[in-house]
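Have a look at the structure below, then the notes.
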Amino acid sequence: MTIPVSQTVADGATIVAEIERRSGESVSACYQCGRCTSTCTAAFAFDYPPHRIMRLLQLGQVDKVLGSRTAQLCFDCMTCSSRCPMNIDVANVIEQAKMIADERGIEGGEKEIRLFRRAFLQNVRRHGRLHEARLLTWMNLRTFNPFNDFSLVPLILRKKKVHVIPPRIKNREQVHRIFREVNGDRKMK
Ligand code: SF4
Ligand code: SF4
């Protein structure tokens with residue numbers, strides 16, 4: 001899903017301001033040196049590399065940013081952030097764009113990745129840590145591919161890589177609290 005082209009410049013500026021507020025970064029500080037992109041190992045799969053994401057935000061072109069493959073595929077390794085000479089947390093800027101895209105139901109053409117991220121977070125939120133069996137089952141059902149990788153199940157169980165019973169961790173409420181504080185009332189659509 002993409003935001004309509006008719007989106008106003010004012011709306012774009014509002015979203016950029018919101019990304020800056022949430023990330024605590026100023027996109028105008030970027031001077032387009034490109035170091036973030038040169039160190040990003042996922043840039044080959046992006047439609048807009050990190051430095052172009054920053055430029056698009058400077059120009060208020062949020063429709064391109066929120067609907068980008070970059071916002072869905074960035075895996076938050078933070079290499080770009082650690083290399084920025086302006087100390088801009090580029091990964092966090094992209095993460096906030098991703099969160100806003102999620103809140104607006106924008107998939108950027110990567111529906112399964114968005115589904116996986118939502119399932120992963122809900123899984124950790126519920127159990128306090130990842131319960132792989134539930135995550136894999138949920139993904140297979142939601143992607144209408146219930147037997148995906150089914151032949152691997154005996155091997156996975158034999159190697160004890162996946163636990164059938166959900167894990168029990170101490171102080172699970174503290175994990176819930178982290179989610180509440182990070183997400184507030186925001187929900188993914
Ligand atoms: S490394 Fe920093 S200053 Fe350079 S392009 Fe990336 S965000 Fe901008
Ligand atoms: S955080 Fe995202 S954009 Fe930055 S280097 Fe890692 S994958 Fe690339």
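For a quick check, take a GNM of the chain with Cα springs below 10 Å and name the residue from Ile53, Ile178, Ile88 with the largest mean-square fluctuation.
Of Ile53, Ile178, Ile88, the Gaussian network model singles out Ile178 as fluctuating most.
Could you compute the FRET efficiency for Leu121 and His163, with r as their C-beta to C-beta distance and R0 at 25 Å, rounded to 0.05?
Calculated transfer efficiency: 0.85.
For the chain, what number results from the quotient of the Cα radius of gyration and 2.2 N^0.38 Å?
My calculation over the Cα atoms of the chain gives 1.15.
In debye, nearest 20: dipole of the range 36-114 around its Cα centre with unit charges on the Cβ of K, R (+) and D, E (-)?
Result for the range 36-114 is approximately 240 debye, rounded to the nearest 20.
Got a sec? Charge dipole of the range 78-189, +1 on Cβ for Lys and Arg, -1 for Asp and Glu; which of Ala133, Gly105, Pro146 is way out at the positive end?
Positive-end residue among those listed: Ala133.
Considering only lysines 8 or more places apart in sequence, or on different chains, count the pairs in the chain whose C-alpha atoms sit under 26 Å apart.
The result is 13.
Please provide three numbers in whole Å: the alpha-carbon extents of the range 60-118 along the principal axes, with the largest listed first.
That works out to 33, 26, 15 Å along the principal axes.
The numbers here are math on the coordinates, done by the rules we state, and not lab data. All values derive from a computational prediction rather than experimental measurement. Counting neighbours? That spans all protein chains shown, and the Cβs are built from the backbone with ideal geometry, glycine included.
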